[in-house]
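The values are calculated or read from the model by the stated rules, or taken from the named source; none is laboratory data. On a predicted model such as this, the values are computed, not experimentally measured, just so you know. A quick note on method: Cβ atoms are made from the backbone with ideal geometry, for glycine too, and the neighbour counts reach across all protein chains shown.
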Amino acid sequence: MKVERRIIKSISEFSVFKFVLVAYLIFFILFVILFAIIGLIGWALIAAQGAAFGDVLNSLIPGLNLSELIGGLGIGMGGSVLGMVLFVILGLVASVFVAAGATVFAWLINVILKIIGGIELRLAPNKNLVVVENPVSIESRVQQL
């Protein structure tokens with residue numbers, strides 16, 4: 001099978017930044033929705049059994065008062081809205097830092113690619129590709145006119 005060979009010389013850091021930022025934001029939004037639904041269902045099940053949410057938290061690790069610790073962060077019963085807003089803001093800020101980290105990683109890849117001369121990719125030939133034997137540049141066509 002005939003294989004087409006291409007060499008990657010560099011990767012655009014800004015393209016990596018945009019891709020990672022959008023991908024992280026999409027996953028962040030999906031996880032916020034998913035865990036909010038799971039949390040509400042769990043909270044409803046705990047309340048239906050007559051147990052208080054703080055008691056369940058304190059029973060997870062004996063000797064550590066988790067409900068007081070989480071309540072101090074504003075995520076407890078009285079500050080649940082403030083806690084959720086804080087969670088969303090921290091997640092959005094974290095998305096920028098994750099995208100910046102990926103951009104630094106793309107820069108590092110570009111340095112490595114420059115040192116080693118690139119990465120060779122082997123691609124299967126495209127059957128719908130039309131190959132022109134004698135391509136004519138636009139400049140030569142303009143000069144002929």
Every pair of residues 6+ apart whose Cβ atoms lie under 6 Å, when the first sits in the range 35-49 and is more than 20 Å from residue 88 (Cβ to Cβ) and at pLDDT below 80 while the second is of a type in the set (Val, Ile, Thr) and in a helix (DSSP H, G or I): 46/56
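Conditions (1) at pLDDT 75 or above; (2) under 21 Å from residue 23 (Cα atoms); (3) in a helix (DSSP H, G or I), marked per residue:
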| site | (1), (2), (3) |
| --- | --- |
| 78 | no, no, no |
| 101 | yes, yes, yes |
| 105 | yes, yes, yes |
| 108 | yes, yes, yes |
| 120 | yes, no, no |
| 127 | no, no, no |
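Which ones in the range 105-120 are under 19 Å from residue 25 (Cβ atoms) and either aromatic (Phe, Trp, Tyr) or free of Cβ contacts under 8 Å to residues at least 24 places away in the same chain (or both)? Steps first, answer last, please.
Filtering the range 105-120 down to residues under 19 Å from residue 25 (Cβ atoms) leaves 105-106.
105, the sole residue that qualifies.
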Any hit, the range 27-34, residues being surrounded by 11 or more Cβ atoms within 10 Å (Cβ to Cβ) and either under 30 Å from residue 123 (Cα atoms) or modelled with pLDDT under 80 (or both): no
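Could you check, for the range 87-95, whether at least one of its residues is surrounded by 12 or more Cβ atoms within 10 Å (Cβ to Cβ), β-branched (Val, Ile, Thr) and at pLDDT 70 or above? Talk me through it step by step, then tell me what you get.
Residues of the range 87-95 surrounded by 12 or more Cβ atoms within 10 Å (Cβ to Cβ): 87-88, 91-92, 94-95.
Then drop every residue that is not β-branched (Val, Ile, Thr), which leaves 88.
Okay, now just the ones that are also at pLDDT 70 or above, so 88.
Yes, the range 87-95 has at least one match.
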